[in-house]
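The values are calculated or read from the model by the stated rules, or taken from the named source; none is laboratory data. Everything numeric in this text was worked out from a predicted model, so none of it was measured. In this analysis, Cβ positions are derived from the backbone assuming ideal geometry, glycine residues included, and neighbour counts consider all displayed protein chains. Side chains included, ligands, DNA and RNA excluded: accessible areas come from the protein's heavy atoms. Shrake-Rupley method; radii C 1.70, N 1.55, O 1.52, S 1.80 Å.
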Amino acid sequence: TLTEFGTAILTEARRHGPVDAVASANIDYWQDETMKLGCNALGIPFLVLCRENHTIPWTSPWKHAHIAQSRFRFEGAGTAVFSQATKDAYAPAFDNPDDLWITGAPRYDRWLDLKPLPEARKDHIGLITFNDPGYAAVNVFTEVARIFEQAAREESARGLTWLVKCKKKGDRDETLERLGQVDAPNLRFEYETPLFELFPRSRAVVGYNSLALLEAMLTDAPVVVPCWGETRPPRRDVLLDYNDPLTQRVVSFAASPGELHDLLVRAARGERLKTGTPEDRRALFAANIHVPQNGTASRKVQAFIEHYVERARRREADRKLAS
């Protein structure tokens, strides 16, 4: 059974050293089920640092419906999430809401005090792909990518790198297949370049409905969002609200293909696009991803793990006393 398999893996791991807890990135993926069952059988805390962040409005009621329909209950010890919205989305699956901790995202800790680069080192313009059908904007993505390629070709003499940041190799292959022949000399399609390296060097970052655009708020990179057709849906379907005054102060929303082309050319020629104040950008980030008032998200996750490890130790000590 899955329980026997998970127990066998963990028992073998314990032969080589103690296992105080097991951490996963998902509360309900089948790939984690055997480890969760093995942990429960052996009294090891099964913990989750959830990689998903449910701040697009439609995702929370969808998650509630999914939990109800499947009668899913989280049977691990505890889960850490990036935001209040994500806690609200998962709460129906938890017997005790206190086992959902809002910690923020540790991967962003190193971004919080990032220093802007001199303008002379800003030699990239980036496009974050939204090619996957899950974004519900495949047609507009194709338009955007072709406009990006056109601007890269027209402004090639400026020596900039026009980088299409793909999620993985398959995404890159699908994007290239969708576009057909591309011949801009400085246009690159990559999936391994870290955003931490790309954004500080970018004169503009184009994207839609991606957490990557929130990461850009921790830098001074101007963000441009296409806002026509599929990329101008109702509020419930968008991460960055094109009607929100705060978002409008820090993001350029291109209402047409022509506006997007104009913004890209202006950025390539050295014009500083709208960014808003650092305080506004941080506020938009914090509205979607928790930023601890004291300490870091990493420390919050550390406290989360230590809590459940210590609880398991106390329970084991009580069990031994009782026997």
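With a 1.4 Å probe and all protein chains left in place, how much of the accessible area of the chain comes from carbon and sulfur atoms, in whole percent?
Values: 8130 of 16010 Å².
Carbon with sulfur: 51 percent of the solvent-accessible area.
Helix-derived [θ] at 222 nm for the chain: sum -39500 (n - 2.57) over DSSP H runs of at least 4, divide by residue count, nearest 500? Show your work: numbers first, answer last.
Details: 12 runs with 139 residues, N = 323.
Result for the chain: -13000 deg cm²/dmol, rounded to the nearest 500.
Once Lys and Arg get +1 and Asp and Glu get -1 on their Cβ, which of 77, 193, 137 lies farthest toward the positive end of the dipole of the chain?
77
Residue 316: net charge of surrounding residues, Cβ under 15 Å, Lys/Arg +1, Asp/Glu -1, itself excluded?
Details: positive: 14, 311, 313, 314, 315, 319, 320; negative: 20, 310, 318.
Local net charge: +4.
Of all DSSP beta bridges in region 55-178, what percent run antiparallel (nearest 5)?
Details: 0 of 8 bridges.
The antiparallel proportion sits near 0 percent.
Is there a quick way to get the dipole size of region 20-92? I mean about its Cα centre, with the Cβ of Lys and Arg at +1 and of Asp and Glu at -1; what is the value in debye to the nearest 20? Numbers along the way, then the final one.
Numbers: 6 positive and 7 negative charges, 36 e Å.
Dipole of region 20-92, to the nearest 20 debye: 180 debye.
Let a ≥ b ≥ c be the square roots of the eigenvalues of the Cα gyration tensor of region 52-112; is it rounded (a/c under 1.5), or, if not, prolate (a/b larger than b/c) or oblate?
Details: a/c = 2.80, a/b = 1.49, b/c = 1.88.
Since a/c reaches 1.5 but b/c is at least a/b, the shape of region 52-112 is classed as oblate.
Mean 1/r over all different Cα pairs, inverted: what Kirkwood radius does region 193-323 give, in Å? Spell out each step's value before the answer.
On the way: mean 1/r = 0.0576 Å⁻¹.
Hydrodynamic radius (Kirkwood, Cα pairs) of region 193-323 is 17.3 Å.
Mind putting a number on the dipole of the chain about its Cα centre? Charges go on the C-beta only, +1 for Lys and Arg and -1 for Asp and Glu, and I need it in Debye to the nearest 20. It would help to have the intermediate numbers written out before the result.
Working: 43 positive and 44 negative charges, 120 e Å.
That gives the chain a dipole magnitude of about 580 debye.
Taking a label point 7 Å from the Cα of residue 156 along the Cα→Cβ vector, which residues of region 248-272 have an amide N closer than 13 Å to it?
Counting only backbone N, you get no residues.
Set Lys and Arg Cβ to +1 and Asp and Glu Cβ to -1, take the dipole of the chain about its Cα centre, and tell me which of 48, 68, 21 lies farthest positive.
Looking along the dipole axis, the top candidate is 21.
What's the angle, to the nearest 10 degrees (0 to 90), between helix 169-179's Cα axis and the longest principal axis of the chain?
The helix 169-179 is inclined about 30 degrees to the chain.
Using a cut-off of under 12 Å, list every residue of region 288-323 whose amide N is near the label point 7 Å from the Cα of residue 20 along the Cα-to-beta-carbon line.
Taking a point 7 Å out along Cα→Cβ of residue 20, the residues of region 288-323 whose backbone N falls under 12 Å are 302-313.
Compute the normalised compactness of the chain: alpha-carbon radius of gyration over 2.2 N^0.38 Å, N being the residue count.
1.15
Could you give the dipole magnitude of region 262-323 about its Cα centre, charging the beta-carbon of Lys and Arg +1 and that of Asp and Glu -1, in debye to the nearest 20? Please list the in-between numbers first.
On the way: 14 positive and 8 negative charges, 39 e Å.
That gives a dipole near 180 debye.
As a test of the definition: which semi-axes, in Å, follow for region 137-249 when you take the square root of five times each eigenvalue of its alpha carbon gyration tensor? Largest first, please. Intermediate values should be presented prior to the final figure.
Working: eigenvalues 106, 60, 39 Å².
Each semi-axis is √(5λ); the values are 23, 17, 14 Å.
So which trypsin sites (Lys or Arg not before Pro) in region 228-323 are both in a DSSP loop and have at most 15 other Cβ atoms within 10 Å of their Cβ?
269, 272, 274
How high is the relative contact order of region 82-207, in percent, counting Cα pairs under 8 Å that sit 6 or more residues apart? Working shown, then result.
Numbers: 142 pairs, mean separation 39.5, N = 126.
It rounds to 31 percent for region 82-207.
Based on the Cα gyration tensor of region 199-267, what are the three equivalent ellipsoid semi-axes, each the root of five times an eigenvalue, rounded to whole Å and given largest first?
Working: eigenvalues 65, 47, 19 Å².
Ellipsoid semi-axes (Å, largest first): 18, 15, 10.
Bin by bin, in steps of 5 Å, what percent of the Cα pairs in region 58-159 do you find, going until the bin that has the longest distance?
2, 9, 12, 11, 12, 12, 14, 10, 7, 6, 3, 1, 0
From the C-alpha gyration tensor of region 1-140, pull out the three semi-axes of the equivalent ellipsoid (sqrt of 5λ each), sorted largest to smallest, in whole Å. Mind dumping the intermediate values first?
Working: eigenvalues 224, 99, 50 Å².
Each semi-axis is √(5λ); the values are 33, 22, 16 Å.
Would you mind calculating the gained length between residue 51 and residue 5 on full extension (0.36 nm times residue separation, minus the Cα-Cα distance), in nm to one decimal? Working shown, then result.
Values: separation 46, 0.36 × 46 = 16.56 nm, distance 2.53 nm.
Full-extension gain reported as 14.0 nm.
Taking a probe of 1.4 Å, how large is the accessible area per residue of region 183-323, in Å²? Kindly include the intermediate steps, with their values, before the conclusion.
Values: 6790 Å² over 141 residues.
Averaged over the residues of region 183-323, the accessible area is 48 Å².
Be a star and scan region 229-271 for residues whose amide nitrogen sits under 16 Å from the point 7 Å along the Cα-to-Cβ vector of residue 119.
Answer for this model: 266-271.
Counting every Cα pair in region 97-152, what percent are over 15 Å apart? Intermediate values should be presented prior to the final figure.
Numbers: 1095 of 1540 pairs.
Roughly 71 percent, rounded to a whole number.
Suppose R0 equals 45 Å; then what is the FRET efficiency for residue 310 and residue 265 from their Cβ-Cβ distance, rounded to the nearest 0.05? Provide the component values of the computation, followed by the final result.
Numbers: r = 58 Å, r/R0 = 1.29.
Efficiency, rounded to the nearest 0.05: 0.20.
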